[in-house]
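Shown next, in structure tokens, is the structure this report addresses.
What follows draws every value from the coordinates through simple rules; no lab data is involved. Note that this is a predicted model, so its numbers are computed, not measured. No Cβ is skipped: glycine too gets one built from the backbone with ideal geometry, and neighbour counts run over all protein chains shown.
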Amino acid sequence: METLFLNEAQLASRWDMSTKTLQRWRMDGRGPRYLKLSKRVVYPIEDIMDFEDRSAYLSTSTRAEYTAPYGENLLSAKEIARATNLPHYLFSNPRIRRQLQVPHTRLQNQLRFNLTDVNAWADARKKQWYEAGAPERFVTSDIPVKATVISGDSHD
């Protein structure tokens, strides 16, 4: 099956914007995925359509429900915490998420989590904690997170 591409000028025309805007978006890490072949920049049509789907709004106050690319079932931090019975802060706190290397996907400015990836991550973490002498049953309060006291706050 042949993949269709639009070049920079064609995509700018499709969205009624300048090519300079697309260039700035690429520098900022925004917009659809692209390929750079020598000096030529092309955008796969599937990625353009996915980007358009993610950018859709129902009204001026609510974004349309996101349809994950390629049929992936991506969940928000609240949904993944509920699905895995793990604390919400593991997914919503960037420092803890980075420290524990929680697998996630960033879609524009939103974080999304794949249930299969997170379950595999949690199983691997449980195994590490057990090997390190953690209690026999997995308790979320046993998750090794460095405590940080915010200036002025004291927790005795």
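Distant-in-sequence amide contacts of residue 75, defined by a placed amide H-H separation under 5 Å and a gap of 5 or more residues or a different chain, comprise 113, 114, 115.
For a paramagnetic label modelled on residue 49 (point 7 Å from Cα along Cα→Cβ), amide N atoms under 17 Å away belong, within segment 2-28, to 2-7, 11, 14-15. Spin-label pair residue 124-residue 82: with each label point 7 Å from Cα along the Cα-Cβ axis, the two points sit 2.8 nm from one another. Between residue 117 and residue 21, residue separation times 0.36 nm minus the direct Cα-Cα distance comes to 31.1 nm.
Taking a cut-off of 23 Å between Cα atoms, list the lysines near residue 20, but don't count ones fewer than 8 places away on the same chain. Reachable lysines: 36, 39. If the segment from residue 7 to residue 89 were pulled out straight at 0.36 nm per residue, it would be longer than the present Cα-Cα gap by 25.3 nm.
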